[in-house]
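Heads up: the structure comes next, in structure tokens.
What follows draws every value from the coordinates through simple rules; no lab data is involved. Everything numeric here is computed off the predicted structure, so don't read it as measured data. Please note: Cβ atoms are built from the backbone with ideal geometry, for glycine as well, and neighbour counts cover all protein chains shown.
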């Protein structure tokens, strides 16, 4: 059983990771046109961060909220 406040924090973290990772991925694609090394670093880093957010969705799905009893 997990406290509702903890689940809410996890929910915010998940979406921050997903959106932040996708933003870094897009910036990496745009940057790769002028600097390959920085562009690929941003793309790989952003992809990994977004993937971590997706994995946390699976973790969140397995957690159960406290019923208050």
### Message
If you fit an axis through the alpha-carbon atoms of helix 36-62 and take the longest principal axis of the Cα set of the chain, what angle between them do you get, 0 to 90°, nearest 10?
### Response
10
#### Entry: Which of 60, 9, 33 has the fewest Cβ neighbours within 10 Å, and the rest in rising order
33, 9, 60
### Summary
Given [x] 7.4; [y] 4.3; [z] 5.5 as possible values of mean projected area of the Cα convex hull in nm², the one from the coordinates is [y]
### Task
Please give the length that would be gained between residue 65 and residue 38 if that part of the chain were fully extended, namely 0.36 nm times their separation in residues minus their C-alpha to C-alpha distance (nm, one decimal).
5.5 nm
### Query
Nearest 10 degrees, 0 to 90: what angle lies between the long axis of helix 4-31 and the longest principal axis of the chain (Cα atoms)?
10
#### Entry: Structure-based [θ]222 nm, the chain - -39500 (n - 2.57) summed over DSSP H runs of at least 4, per residue, nearest 500
-28500 deg cm²/dmol
